[in-house]
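Just below is one structure, and these are the notes that go with it.
The values are calculated or read from the model by the stated rules, or taken from the named source; none is laboratory data. Every value quoted in this text rests on a predicted model; they were computed, and no experiment measured them. So basically every Cβ, Gly included, is an ideal-geometry build from the backbone, and we count neighbours across all protein chains shown.
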Amino acid sequence: MTRKNIRFPLSIEQSRPGHTGFSLPSKTIGAVNEIPENLRRKSTPGLPELSELQVVRHFTNLSTANYSIDSGMYPLGSCTMKYNPRINEKTASNPKFLNIHPRTPDKFAQGCMSLMYELQMCLKEISGFEQISLQPAAGAQGEYVGIRMIRAYHDLKGNHKKTKILIPESAHGTNCATAVMCGYQVVPVKANERGILSLETIKEHCAAGDIAGIMITNPNTVGLFEEDIVKIAKHLHEVDALVYCDGANLNAKLGLTRPGDAGVDVMHFNLHKTFTTPHGGGGPGCGAVGVSARLQPHLPTPILLKKSDGSFEWDTNRPSSIGSIKDYNGHFLMMVRALTYIRELGPEGIRKISRDAILLANYVRVRLGEAYHVAFERPCMHEVVLSDKKQKGHGVKTIDIAKRLIDLGIHPPTIYFPLIVDGAIMIEPTETESLEEVENFCLKMLQIAAEAEESDAFAKYFAGAPKTTPTTRINETKAARDLVLSWKEL
């Protein structure tokens with residue numbers, strides 16, 4: 001069944017004079033007259049006039065048009081869109097956590113500081129780093145902090161010729177932006193035929209002596225483990241360059257290998273990707289960073305320390321610090337959620353995260369390997385990259401496969417990324433999905449591959465897809481370049 005585009009009326013459009021969803025005692029209304037004249041509004045704020053029931057129905061109807069992790073699988077590669085256990089929300093909703101003011105004196109906030117310190121110690125043990133900061137507000141800010149610290153390290157040593165950062169061509173988009181923001185030139189690094197970096201290529205780039213460091217994602221963005229990471233880190237250190245690791249894919253190596261042990265100098269943790277704190281919507285998030293001894297003096301201040309008497313304090317006496325990069329001490333309730341997840345799982349559960357993520361991704365790789373082109377024919381880590389190479393001959397492209405998936409009740413995976421794979425379809429099942437859910441996804445993908453081979457397949461299945469959603473296919477290029485930011489008719 002094909003549906004025409006449905007436009008949900010906005011709340012302001014449903015407004016009718018006299019409709020109200022509240023009642024206030026006359027005392028409250030009379031109190032308005034006590035507000036000084038210069039502080040009163042000169043006009044009404046223009047809020048919609050709706051009854052409580054109208055408001056509830058409005059937002060309920062809107063929610064039914066959304067896809068959510070509560071309603072189905074998100075196979076988004078490199079985004080790790082996984083279920084957030086409700087126990088996380090229960091602990092974060094504890095009034096003693098929820099209602100504490102960020103300016104509470106330290107002597108009255110020892111319990112919260114103890115929780116933050118415990119999370120730091122857990123992340124330290126998991127990652128193998130010397131010290132952890134929980135201050136950054138998101139993964140992107142943690143990434144920025146990491147390169148800022150590398151810059152501070154070189155500035156302190158007078159390494160002013162270190163002007164470049166190596167970035168693999170399969171890197172996340174924020175990596176290049178971060179390097180430029182911190183004053184570095186970006187040097188793209190090609191992968192070898194196996195999809196990973198080679199030590200020989202790194203040595204060639206380092207020969208001129210102007211490399212400040214590398215921004216490496218491990219496992220990388222095509223879902224493969226950088227097997228030469230130890231050798232690469234060792235060589236970079238020999239030429240006084242540092243190693244930044246993008247922590248986006250940490251859920252593929254929890255309990256199996258530690259970046260700090262591999263020679264990484266700094267890594268950000270996406271607590272939403274790895275430790276099930278809420279993801280998306282622009283925050284608030286938590287992008288903790290871990291550092292080696294080389295970068296420890298440059299951590300943002302204040303640093304949470306445990307004193308000899310067992311109490312906790314904030315250390316601001318860090319002359320080489322890059323300074324504070326976030327109001328207060330980070331987003332505390334995200335830390336509560338992350339620690340809840342870690343403590344609920346325990347050491348063996350932490351290891352199981354990676355094992356399950358790797359097994360499920362390889363299940364998808366093998367299950368779909370005959371119907372779709374696999375970018376790299378070898379075992380992957382937590383995500384696998386396919387392409388539309390086999391479907392193009394029938395006039396069906398990656399975008400069509402993604403839109404058809406929506407009609408079949410599945411959220412599409414990441415498409416056209418990484419850019420080094422033409423027509424990329426990046427799939428990450430995540431460890432929180434069951435084998436049954438992943439098999440259901442595979443069956444739908446196999447159905448699409450079979451449909452693509454039928455005569456007149458595009459017109460029959462793919463043209464205009466999705467066809468069963470409130471809004472059918474839109475012109476995404478026009479939507480991105482011709483923004484309409486007002487609800488009013490122009």
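A few comments on the model shown:
- Test: Ile350 is outside any helix (DSSP H, G or I), of a type outside the set (D, E, K, R), buried (at least 18 other Cβ atoms within 10 Å of the Cβ) and in contact (Cβ under 8 Å) with a residue 12 or more places away in the chain: no
- Strands (runs of 3 or more DSSP E) completely within the stretch 253-320 that count 2 or more residues being within 18 Å of Ser114 (Cα to Cα) and in the same structural domain as Cys112 (by TED's automatic domain parsing): 303-306, 312-315
- Those residues of the stretch 299-324 which are farther than 14 Å from Asp106 by Cβ, surrounded by 13 or more Cβ atoms within 10 Å (Cβ to Cβ) and either polar (S, T, N, Q) or touching a strand residue (DSSP E or B) at 6+ places or on another chain (Cβ under 9 Å) (or both), in sequence order: Leu299, Pro300, Thr301, Arg318, Ser320, Ser321, Ser324
- Of the helices (runs of 4 or more DSSP H) lying entirely inside the stretch 372-487, the ones with 3 or more residues being under 17 Å from Ala361 (Cα atoms) and outside the structural domain of Ser170 (by TED's automatic domain parsing) are found at 435-452.
- Residue match in the stretch 419-433 (condition: of a type in the set (Gly, Ala, Ser) and modelled with pLDDT under 95): no
- Of all residues making up the stretch 151-198, the number that are part of a helix (DSSP H, G or I), of a type in the set (D, E, K, R) and touching a residue at least 24 places away in the same chain (Cβ under 8 Å): 2
- Condition check for Leu250: out of contact with any Gly (no Cβ under 9 Å at 6 or more places or on another chain), buried (at least 24 other Cβ atoms within 10 Å of the Cβ) and either at pLDDT below 95 or under 27 Å from Asn84 (Cβ atoms) (or both): yes
- Hits in the stretch 337-360 - residues which are in contact with a Ser or Thr (Cβ under 9 Å, 6 or more places away or on another chain) and of a type in the set (A, V, I, L, M, F, W, C): Ala338, Leu339, Ile353, Ala357, Leu360
- For the stretch 125-141, filtered to residues that are in a helix (DSSP H, G or I) and modelled with pLDDT of 95 or more, the residue that is surrounded by the fewest Cβ atoms within 10 Å (Cβ to Cβ) is Glu125.
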